[in-house]
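To start, the structure under review is shown below, and the notes come after it.
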Amino acid sequence: ERARADDDDSVIRDVTMTIGAHGDVRLRLRPDWHAESAAYVAALAADARACEDACEVYRVEPGFLVQGTLKSASAASNTKTKEGPRLMRRGDVGWAGEGPGPDFFVYVGAKPAAHFGRRHTVFAEVADETSMATLERVANAPSSTPGGTGTMRFIDERPRITLRDARSKGAARA
């Protein structure tokens, strides 16, 4: 059955996530890691209005993560979690807070995230180094820690996220 799914041109396997003016990040969905989460993100990418005024990046921790939300009024939210397939590696994408979403993060650390164990549901990976460079720019954007030293760092200007099938050409859909 997997071979049939791989041959199905209607299945979205790669998603382009545009992070405001920072640029594009190409994500390779991994339904073999968590099918429900990959399907949810594919549904967001298939619907031009799914992320309208709801998806954004709000937290950045240089050398650690870029975090945001993938909320949608038009796509049914993921409700399931699953232990990750491995320790998270640089470029892995998972749901934040060990939950089912809609808050997600991309791990940008240099070494496997042993401190997380395998508790996070992981459903995608960054597809290339150009995308990782975009995420590094986002992680290093102006930010602040309103709670003081040692608390979460929030990006000063929250860029909106749009998603689209990576096979589509042209600008991100709004």
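Checking each residue in the stretch 132-173 for being of a type outside the set (Ser, Thr, Tyr) and part of a strand (DSSP E or B) picks out 154, 155, 160, 161, 163, 164, 165.
Residues in the stretch 97-111 that are open to solvent by 40 Å² or more (accessible area, probe 1.4 Å) and either in contact with a strand residue (DSSP E or B) (Cβ under 9 Å, 6 or more places away or on another chain) or without any contact (Cβ under 8 Å) to a residue 24 or more places away in the chain (or both): 97, 98, 102, 103, 111.
Scanning the stretch 133-154 for residues that are touching a Lys or Arg at 6+ places or on another chain (Cβ under 7 Å) and aliphatic (A, V, I, L, M) yields a count of 1. Against the conditions (1) part of a strand (DSSP E or B); (2) open to solvent by 90 Å² or more (accessible area, probe 1.4 Å), residue 93 satisfies every one except (2). Restricted to the stretch 85-108, and to residues there that are more than 15 Å from the chain's Cα centre (by Cα) and not charged (D, E, K, R), the residue that is farthest from residue 130 (Cα to Cα) is 85.
Within the stretch 113-131, being part of a loop (DSSP other than H, G, I, E, B), at pLDDT below 95 and surrounded by fewer than 17 Cβ atoms within 10 Å (Cβ to Cβ) holds for 117, 118, 119. For residue 83, the conditions (1) in a helix (DSSP H, G or I); (2) farther than 13 Å from residue 161 by Cβ all hold with the exception of (1). In the stretch 156-174, of all residues being surrounded by 11 or more Cβ atoms within 10 Å (Cβ to Cβ), modelled with pLDDT under 90 and aliphatic (A, V, I, L, M), the one that is nearest to the chain's Cα centre (by Cα) corresponds to 172. Taking residue 84, is it open to solvent by less than 10 Å² (accessible area, probe 1.4 Å), within 25 Å of residue 152 (Cα to Cα) and touching a residue at least 12 places away in the same chain (Cβ under 8 Å)? Against the criterion (open to solvent by less than 10 Å² (accessible area, probe 1.4 Å), within 25 Å of residue 152 (Cα to Cα) and touching a residue at least 12 places away in the same chain (Cβ under 8 Å)), residue 84 qualifies. Close Cβ contacts (under 8 Å, 6 or more residues apart or on different chains) running from residues in the stretch 132-155 that are open to solvent by 50 Å² or more (accessible area, probe 1.4 Å) to residues that are part of a strand (DSSP E or B) and among the hydroxyl-bearing types (Ser, Thr, Tyr) comprise 153/143; 153/144; 154/58; 154/143; 154/144.
This table checks each residue for (1) within 18 Å of residue 43 (Cα to Cα); (2) out of contact with any helix residue (DSSP H, G or I) (no Cβ under 9 Å at 6 or more places or on another chain).
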{"site": "67", "(1), (2)": "no, no"}
{"site": "77", "(1), (2)": "yes, no"}
{"site": "82", "(1), (2)": "no, no"}
{"site": "94", "(1), (2)": "yes, no"}
{"site": "103", "(1), (2)": "yes, no"}
{"site": "114", "(1), (2)": "no, yes"}
{"site": "124", "(1), (2)": "yes, no"}
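The values are calculated or read from the model by the stated rules, or taken from the named source; none is laboratory data. Everything numeric here is computed off the predicted structure, so don't read it as measured data. Because the Cβ atoms are built from the backbone with ideal geometry, glycine has one as well, and the counts that use them run over all protein chains shown. Each accessible area value is taken on the protein alone, full model and side chains, heavy atoms only, with ligands, DNA and RNA left out. Shrake-Rupley method; radii C 1.70, N 1.55, O 1.52, S 1.80 Å.
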